[in-house]
Amino acid sequence: MLIYISGIVFNDYFDIETDLKERPYRPLPSGRISKRIAFTIGVASMISANLITFGVGLNSCIVSSLISAIVIGYDYKLKRTKAGPIAMGLARSLNVLLGATPAVYLVLQNYNLLVRIIFISLSAFAYTFSISLLSRKEVQLYVDQKEQQKIIQTNRSAVVMSFSIVFGIIASFIFLVFLRIFNIQLFINLILFSVIMVIILFKQVRAHYSSSSLQDGIKYMVIGIIVFDSVFITGVAGLYYGLSVLILGIPAVILSRRLYVT
């Protein structure tokens, strides 16, 4: 968590010149928080995260260091390149592996558990990749208003690609339930996740891929990560644990009304 807090801070830190023109209401460009304080928070969070994982074990520290490098690389340079969505997806998938590192030898000896972790990691990569695709188009809407029609067309293509990936993930979960890789109880959370994704997609189509609808879509897809996590947690550990994670969606929605999510 501390790594991603650091990533959020550095994202705004490196983007301050752009945000001064396009998002002057954000904390850094508005002057509510100074660059010096933001940098200090970012560095302190990153160092603290890696020190904690070092205390867990060497494997955890190695994975944590990789995530940190990817997050900093993404914020500084990669998000402006075609490698941006890949970097974000990789960071998210490594986060899944980070949770498994304390029990890495147990995982390697349990075939069913290994398959679950590999699939969850790949799904996390794909879902984050899909969000990043839309996020790139959100920025483009701001910088190229003169070619609005062309932008709408490219955004439509991005939405189609992004949600094709999402619904592909949903179909894969269903398939693996029938193979008894995951617990059938995950259907409760999976249905909720599917409904949320359909609503977000419908709003994009209805609003003709406008700037505001795209921003809202990205915001709720980010919040949807909590619901997404509850799906595979239910599939692995049971409904009780999945619903416990799902409850975290309530404060996330409340906080999203006051904090900047996209």
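Okay, here's what the table says:
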quantity: Check on Ile200, of a type outside the set (Gly, Ala, Ser) and within 23 Å of Leu239 (Cβ to Cβ); calculated: no
quantity: Test: Ile16 is modelled with pLDDT of 85 or more and either surrounded by fewer than 14 Cβ atoms within 10 Å (Cβ to Cβ) or over 21 Å from the mean Cα position of the chain (by Cα) (or both); calculated: no
quantity: Of all residues making up the range 60-83, the number that are farther than 18 Å from Phe14 by Cβ and either β-branched (Val, Ile, Thr) or crowded, with 17+ Cβ neighbours inside 10 Å (or both); calculated: 5
quantity: Pairs, first within 18 Å of Ser64 (Cα to Cα) in the range 101-114, second assigned to a loop (DSSP other than H, G, I, E, B), C-beta under 8 Å, six or more apart; calculated: Thr101/Gly57; Pro102/Gly57
quantity: Verdict on Gly217 being among the small types (Gly, Ala, Ser), closer than 18 Å to Ser164 by Cα, surrounded by 18 or more Cβ atoms within 10 Å (Cβ to Cβ) and within 16 Å of the chain's Cα centre (by Cα); calculated: yes
quantity: Hits in the range 187-217 - residues which are assigned to a helix (DSSP H, G or I), in contact with a Leu (Cβ under 9 Å, 6 or more places away or on another chain) and modelled with pLDDT under 90; calculated: Gln204, Ser211, Leu214, Gln215, Gly217
quantity: Check on Gly224, of a type in the set (Gly, Ala, Ser), surrounded by fewer than 22 Cβ atoms within 10 Å (Cβ to Cβ), touching a residue at least 12 places away in the same chain (Cβ under 8 Å) and not assigned by TED's automatic domain parsing to the domain that holds Gly89; calculated: yes
quantity: Any chance Leu94 is part of a helix (DSSP H, G or I), surrounded by 14 or more Cβ atoms within 10 Å (Cβ to Cβ), in the same structural domain as Ile62 (by TED's automatic domain parsing) and modelled with pLDDT of 90 or more; calculated: yes
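Matching residues to (1) touching a helix residue (DSSP H, G or I) at 6+ places or on another chain (Cβ under 7 Å); (2) modelled with pLDDT of 90 or more; (3) not in a helix (DSSP H, G or I):
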| position | (1), (2), (3) |
| --- | --- |
| Gly168 | no, yes, no |
| Ile223 | yes, yes, no |
| Val245 | yes, yes, no |
| Val261 | yes, no, yes |
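The values are calculated or read from the model by the stated rules, or taken from the named source; none is laboratory data. Quantities reported herein were computed from a predicted structural model and do not represent experimental measurements. With ideal geometry, Cβ positions are generated from the backbone for all residues, glycine too; neighbour counts draw on all protein chains shown.
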